[in-house]
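Visitor: I am attaching a structure below and will ask some questions about it afterwards.
The numbers here are math on the coordinates, done by the rules we state, and not lab data. As the structure is a computational prediction, the values presented were derived from the model and not from experiment. Cβ coordinates were reconstructed from backbone atoms using ideal geometry, including for glycine residues, and neighbour counts include every protein chain displayed.
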Amino acid sequence: MSDRSSGIAVITGAASGFGLEAARIAARRGMKVVLADVQPDALELAAHEIQALGAQVLARRTDVSRAADIEALADATVQRFGVPNFVFNNAGVGGGGGLIWEASAKDWDWVLGVNLMGVVHGVRIFTPLMLAAAARDPAWRGHIVNTASMAGLLSPPNMGVYNTSKHAVVSLSETLYQDLALVTEQVHAHVLCPFFVPTGIHVSHRNRPADLTDADARPTKSQLIAQAMSEKAVTSGKVTAAQVAQFVYDAMADNRFYVFSHPKSLASVQQRMEDLLQRRNPSDPFADRPQVGEQLRAALRAAG
């Protein structure tokens, strides 16, 4: 996808963060833009902004955890604009922090429903449409980008539900890449693995459905600690959501599968791979910040 390209973009989680920034870039490139988000007021504001940039816009409130919502999104997209050239399965939530055994069944259902099943539904429903478009036109090109996280390549402590969801997205995306390579050279897969970027993901609970909320449950000490650490890390991030969105378009143009916001963090991935290859136990994630590890251990053990 070059700077001169036009086409159709479908973006979930489009009302904020990476999704909104990706929509802005799509509009500036002359693409038709389909905005999907679960938060209607923010979605309406995003639609007005993207229209003001000159783009044709279709905005739909979408709960990506529901297959029927993604099916309706795809139907509306095809009916209004045609088959999308760019599908950004980006919607995600930052819940699931705390010691992994303290997460409730509803915690798991909410986080996996959005972070994992939202991507599953996007891949399952949009990929066949894109392959059919490619079969009809040898010049047609398409890209599917799934938002994972560096937490999908590492296993940091005290955030196990989130880690699980993002590891699954990385594996799904790698498999999608390989599967597409078996059948086409016109549709490509990519996975976005950002580190801490100021996006508002630390306040994802604002959109948590009531039926997936433990109304009477009080957060545990580990969950409160995880929430505080996440808020501090996200809000202090130096790389912007706009920069990350541009990285996504650059990766599509170069046909690069992995998209990283913080390449220096790959040193931790290398450490994990070396642990695997040398068959040793997982390394201490706080080896370079021992004081942080000691403070976390002390706080959690005091809570017991």
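Visitor: Using the Karplus equation 6.51 cos²θ - 1.76 cosθ + 1.60 (θ = phi - 60°), what ³J(HN,Hα) coupling, rounded to whole Hz, does each residue of the stretch 186-192 give in order, writing x for Gly and Pro?
Guide: Each residue of the stretch 186-192 in turn: 10, 10, 10, 10, 9, 10, 9 Hz.
Visitor: Now for a different question. Nearest 0.05, what FRET efficiency do Ala287 and Gln243 give at R0 = 35 Å with Cβ-Cβ as r?
Guide: It comes out at approximately 0.80.
Visitor: Find the eigenvalues of the gyration tensor of the Cα atoms of the chain, then list the square roots of 5 times those eigenvalues as equivalent ellipsoid semi-axes, largest first, in whole angstrom.
Guide: Rounded to whole Å, the semi-axes are 33, 22, 17.
Visitor: For Ser236 and Leu277, compute 0.36 nm times the residue count separating them, minus their Cα-Cα distance, and round to one decimal in nm.
Guide: 11.4 nm
Visitor: Then there's this: Relative contact order for the stretch 8-265 using alpha-carbon pairs under 8 Å, separation at least 6, rounded to a whole percent?
Guide: Across the stretch 8-265, relative contact order equals 20 percent.
Visitor: Just check the stretch 184-304 against the gyration tensor rule for me: Cα atoms, a ≥ b ≥ c as the square roots of the eigenvalues, rounded for a/c under 1.5, and otherwise prolate or oblate depending on whether a/b exceeds b/c.
Guide: Oblate, because a/c is 1.5 or more while a/b does not exceed b/c.
Visitor: Just to verify a number: FRET efficiency for His48 and Thr220, C-beta to C-beta distance, R0 = 35 Å, to 0.05?
Guide: 0.30
Visitor: Please list the equivalent ellipsoid semi-axes of the stretch 25-117, computed as the square roots of five times the alpha-carbon gyration tensor eigenvalues, in descending order and whole angstrom.
Guide: 30, 14, 11
Visitor: By how many nm would the segment from Thr175 to His262 lengthen if fully extended, with 0.36 nm per residue of separation less the alpha-carbon distance?
Guide: Working it through step by step, the gained length comes to 29.0 nm.
Visitor: For the stretch 54-168, what does the convex hull of the Cα positions come to per residue, in cubic angstrom?
Guide: Measuring per residue, one finds 121 Å³ for the Cα hull of the stretch 54-168.
Visitor: Under 1.5 on a/c is rounded, so check that first for the stretch 260-304, then, if it is not, pick prolate when a/b is larger than b/c and oblate when it is not; a ≥ b ≥ c are the square roots of the alpha carbon gyration tensor eigenvalues.
Guide: Oblate is the answer for the stretch 260-304, as a/c is 1.5 or above yet b/c matches or exceeds a/b.
Visitor: How many angstrom separate the Cα center of the stretch 106-124 from the Cα center of the stretch 274-304?
Guide: 29 Å
Visitor: A further question follows. Can you pull out the trypsin sites (Lys or Arg not before Pro) in the stretch 240-299 that DSSP calls coil and that have at most 16 other Cβ atoms within 10 Å?
Guide: Of the trypsin sites (Lys or Arg not before Pro), the ones in loops of the stretch 240-299 whose Cβ has at most 16 other Cβ atoms within 10 Å are Arg256, Arg279, Arg280.
Visitor: Would you mind classifying the stretch 115-206 by shape? Square roots of the alpha carbon gyration tensor eigenvalues, ordered a ≥ b ≥ c; an a/c under 1.5 is rounded, otherwise it is prolate if a/b is larger than b/c and oblate if not.
Guide: prolate
Visitor: Mind scanning Lys106/Lys238; Lys106/Lys221; Lys106/Lys232; Lys32/Lys238 and naming the pairs with a C-alpha gap bigger than 23 Å?
Guide: Lys106/Lys238; Lys106/Lys232; Lys32/Lys238
Visitor: Check each of the trypsin sites (Lys or Arg not before Pro) in the stretch 188-246 and keep only those in coil by DSSP with at most 14 other C-beta atoms within 10 angstrom; list them in order.
Guide: Taking the stretch 188-246 and a limit of 14 other Cβ atoms within 10 Å, the loop trypsin sites (Lys or Arg not before Pro) found are Lys238.
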